[in-house]
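Encoded as C-alpha cells, the structure appears first; notes follow it.
Read-outs throughout are calculated quantities, based only on the coordinates presented, and are distinct from any laboratory measurement. Here the structure is a predicted model, which is why all the values come from computation and not from measurement. No Cβ is skipped: glycine too gets one built from the backbone with ideal geometry, and neighbour counts run over all protein chains shown.
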Amino acid sequence: MKNLLSVQDLKVYFRAKDQVARAVDGVSFDIRPGETVCLVGESGCGKTVSALTILRLIPSPPGEIMGGRVFFNGVDLLDLDETDMQKIRGNHIAMVFQEPLTSLNPVFTIGDQIGEAITIHEQVEPEELRERCVQLLRDIGIPSPEQRLKDYPHQLSGGQRQRVMIAMALACNPDLIIADEPTTALDVTVQAQILNLMKSIQQKASMSILYITHDLGVVANIADRVNVMYAGVIVEMGDTYQIFQNPRHPYTQGLLASLPGRSRRGRRLHSIPGAVPNPAFKPPGCPFHPRCSFAIETCKTRFPEMCKHGEGHLSRCPVLD
Amino acid sequence: MTSDQQILESPLAPKQTRLEELWQLFKQNRLAILGLIIFVFFLISAVIGVILTSGQEPVFDPAMIRLQEKLLPPLTRPNIETLQPAEIPTLGIYLFGTDDLGRDVFARMLQGAWVSLTVGFVAVGISVLVGIFMGGIAGYFGQGHLRYDQIIVSCVLITGGIFLALSETYTGIGVLIVGHAYIFFSIFSKRILAKRTLPKWFNLMHKGAISIDTIIMRTVDIMLCFPTFFLILTVVALLPASMYNIMIVIGLTSWMGTTRFVRAEFLSLREQDFVTAAKALGVGNFRIIFRHMMPNAIAPVLVSATIGIAMAILTEAGLSFLGFGVPPPHATWGNILSDGKRFIFDAPWLTFIPGIAILIVVLCFNLFGEGLRDAMNPKLREKG
C-alpha cells in the first residue's frame with residue numbers, strides 16, 4: 001500500500017550558544033492510510049520534536065532541520081513555502097496537543113475556535129458553520145452542543161476540553177491527525193473515553209493517526225504499528241503484536257519489563273539503570289550502550305544498523321539478533 | 001455514546017464570564033467606582049455639550065460676547081434690561097459666571113469638555129494603535145533579523161525618496177530603480193543561486209545584522225529620552241495650530257509604554273500552547289498576532305490607556321494654557337484657565353472652575369485605571 005506519510009532520515013538540531021542538541025537524529029518511519037502508528041519513548045527522546053517538524057512548527061532559531069525528507073502524499077513538506085504549508089496544516093494534517101488546559105485560547109468561546117478551524121480553510125455560510133460546529137461537538141460526545149458552543153474553555157472539564165481539541169482537529173476532515181500525548185494530562189477513566197473516541201472516529205472517517213505517547217498501555221490499546229524512540233533515533237519498529245510479544249531491542253525489553261503487572265505483584269519493579277543522555281552529549285556508538293546489560297565492545301564505537309527480525313519488524317541491536 | 005453523555009453531564013464550573021468576574025472585583029473598590037461614575041458623567045456632559053454648543057444657533061453659545069455683563073461671578077442673573085433677547089443665556093442664569101468679554105463660562109466649559117474628551121481619546125487611540133502594532137511585531141517577530149542587504153536597500157530607497165522630494169527628479173528615479181532592481185533580483189534569484197557557490201561578500205550581505213526586537217525597543221528607548229512636553233511644543237510650533245495636529249502629536253509621542261507592555265505580554269504568550277495549536281490549524285502569522293494573542297494581552301494596555309487619557313487631557317490643557325493649543329475662538333479648559341489668570345484676584349472662578357474640572361477628570365481617570373488594574377491583576381487581588 002502507498003504511504004500517506006513517509007519520514008526519511010529526519011534530523012532536527014537545536015543550537016544553544018556553543019553546543020548542538022541533536023534532538024532528532026535520523027528518524028525514518030511510514031504511515032499508511034487509515035492506520036494508527038505510535039511513537040513511544042521516554043521524555044526528551046525527540047517524539048514531540050519529530051511531530052512538530054512534520055508540521056514545520058519547530059521554532060527557528062534555535063531549532064534547525066538539518067536533513068531528511070517528509071513526504072506527505074508524495075510532496076516533500078520540507079520544500080514547501082510558508083503559504084503552502086499553512087494550507088496543509090489543519091486541512092490535511094491536524095494536531096492534538098498534550099495540554100488541553102492551555103491549548104485552547106482562554107478569551108474565545110469554543111464555538112468561535114471550532115468555527116475558526118473551519119473558516120481558515122473553507123468558505124462557509126454562518127448558518128452552515130454553526131451547524132457543522134454543533135455536529136462536530138455531537139460527534140465527539142459533548143452533550144447539549146448548542147449551549148456548549150457559547151462556553152469558554154475554563155467552563156469545561158479537562159476531558160471535554162480535549163474533546164474540543166479533537167473536534168478542532170477533525171474540523172476539516174484531515175487525512176492525518178498527529179496526537180501528541182493527548183491523554184497524558186487526563187485521569188484514567190477519561191483517558192479510556194478519549195481513546196475509544198479516537199478509535200471510533202478513525203473507523204468512521206478512515207484517517208491515519210500518529211499517536212505520540214510514553215504509555216505502553218495506551219500503545220497496546222490503540223496502535224497498529226509501533227516505533228520505539230530513544231535519544232533521537234528509532235531503535236525498534238514493528239507491528240504491535242511483534243513489539244509486545246517479541247521485543248528485539250534491549251531498550252524495548254526494558255520498557256516492557258518496567259510495566260507493573262498483576263503476575264509480578266509484590267516484587268520489586270524493574271527499572272532501566274541510568275537516565276536518557278543529554279541530547280548535546282550523546283555517547284558515541286549505540287546511544288543506549290551505557291544503560292544496556294547486553295552491551296559489548298563494538299557497541300561503544302559503532303552506531304548500529306537496523307536488523308530485520310520478521311515482516312516489518314526491525315531493531316537497531318546487532319547483539320540480540 | 002449514551003454512557004459517555006451521562007458521565008459528561010457532571011456539574012460544570014460556575015457560569016461566569018470573565019467580564020462578570022472582573023465587575024465583581026471592580027465593584028469592591030469604591031474609589032474606582034467613583035472614578036467610573038464621574039467618567040461616565042464627563043462623557044455624557046461632553047457629548048451633550050458638543051450638541052448644545054455647536055451649529056448655527058446653539059442652545060448655549062460659547063462665543064456670545066456681552067461686554068456689559070463681563071466678569072460676573074457664578075450664579076448671577078443677567079441684567080435683562082441691557083441685553084438683546086438673543087443674548088440672554090438659555091438657563092436664565094450664569095451658572096459659572098462670565099469672563100472678561102462677558103461670555104458664558106458654562107457654555108465655554110461644555111465646549112471645552114468635548115475638546116478634552118476627543119483629544120484624550122483620539123490621542124490615546126493613536127498611541128495604543130501604534131504601541132500595539134510595534135509591540136506586537138517586536139514580541140512576535142523580534143527574534144528575526146534584518147539582513148545587511150535589506151538595510152542597505154531601505155537606505156537606498158529612502159535616499160531616492162529624499163532626492164525626489166528635493167525635486168532632483170532624474171537622480172531620484174535612478175536611485176529608486178537601483179533599489180527596486182535589487183529587490184526584484186533577490187526575489188527571483190533564489191532558485192538560480194541555490195546551487196552555485198557564492199562569493200564571500202554576497203554571503204556576508206545575507207547575514208543577519210540587527211534583530212527586529214533591537215530596532216523597535218531601542219527606538220522606544222530613544223523616544224523616551226526626549227522630554228515629551230518640549231518635543232510636543234516644538235512640533236506644535238512648527239505645525240499649523242489645530243485640534244487634530246495636537247491629537248496626532250500627543251498620540252505619536254506617547255506610544256512607548258504600550259509598546260513595552262505589549263512586547264512583554266507577547267514574549268510570554270508566544271510560548272503558550274494555544275499559539276502553537278493555532279499555528280497547527282494553519283492560521284497565518286498576522287491573524288495569530290491580532291486575533292489570538294492581542295485579546296490576551298489587552299488588559300495591561302487598557303489600564304495604561306485609561307491613565308494615558310488623563311495624561312493627554314493634561315498635556316492638551318497645558319498646551320492651550322501656553323497658547324500652543326487649539327486656536328483661540330474655540331474654548332478649551334486650558335485656554336479658559338489661561339485667559340482667566342489675568343483676573344485671578346478679581347474673578348477667581350475663571351481659573352478655579354476649569355482647574356477643578358481638569359483636576360477631577362484626571363483624578364477620576366487615574367482612579368478608574370488603577371481600579372481596573374487591581375481587578376485585572378490576580379497578584380494584587382489577594383492582598384486587597
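The table below lists the values:
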| quantity | calculated |
| --- | --- |
| For chain B, the longest site-free run once GluC sites (Glu not before Pro) in DSSP loop states with at most 11 other Cβ atoms within 10 Å are removed | B:10-270 |
| Label-point separation in nm, B:Cys155 to A:Asp187, each point 7 Å along Cα→Cβ | 6.5 |
| Alpha-carbon Debye profile of the protein assembly as shown, log10 I(q)/I(0) at 0.07, 0.10 Å⁻¹ | -0.69, -1.09 |
| Mean separation of Cα contacts under 8 Å, 6 or more apart, over the residue count of chain B: relative contact order % | 24 |
| Given charges at beta-carbon only (K, R positive; D, E negative), |dipole| of chain A in Debye | 1400 |
| When each of A:Lys47/A:Lys282; A:Lys11/A:Lys47; A:Lys17/B:Lys200; A:Lys17/B:Lys207 is checked by Cα-Cα distance, pairs over 21 Å | A:Lys17/B:Lys200 |
| Cut-off of 10 Å, at most 14 other beta carbons, DSSP loop: longest stretch of chain A lacking such GluC sites (Glu not before Pro) | A:123-304 |
| Where Rh is the Kirkwood radius over Cα pairs, Rg/Rh for chain B | 1.11 |
| Alpha carbon centroid spacing (whole Å) that separates region B:133-194 from region B:278-342 | 32 |
| Within the protein assembly as shown, percent of DSSP bridges classed antiparallel, to nearest 5 | 65 |
| FRET efficiency for B:Val178 and A:Phe281, using Cβ-Cβ distance with R0 set to 45 Å, rounded to 0.05 | 0.35 |
| Leading residue at positive end of dipole, region A:143-192 (Cβ point charges), from A:Leu156, A:Ala185, A:Leu170 | A:Leu156 |
| Net dipole in debye of the protein assembly as shown [+1 Lys, Arg Cβ; -1 Asp, Glu Cβ; about Cα centre; nearest 20] | 2220 |
| Spherically averaged projected area in nm², based on the convex hull that wraps the Cα atoms of region A:195-241 | 3.5 |
| Net charge of Cβ neighbours under 12 Å - reference B:Ser211; Lys, Arg +1; Asp, Glu -1 | +1 |
| Kirkwood-based Rg to Rh ratio, region B:33-84, C-alpha trace | 1.12 |
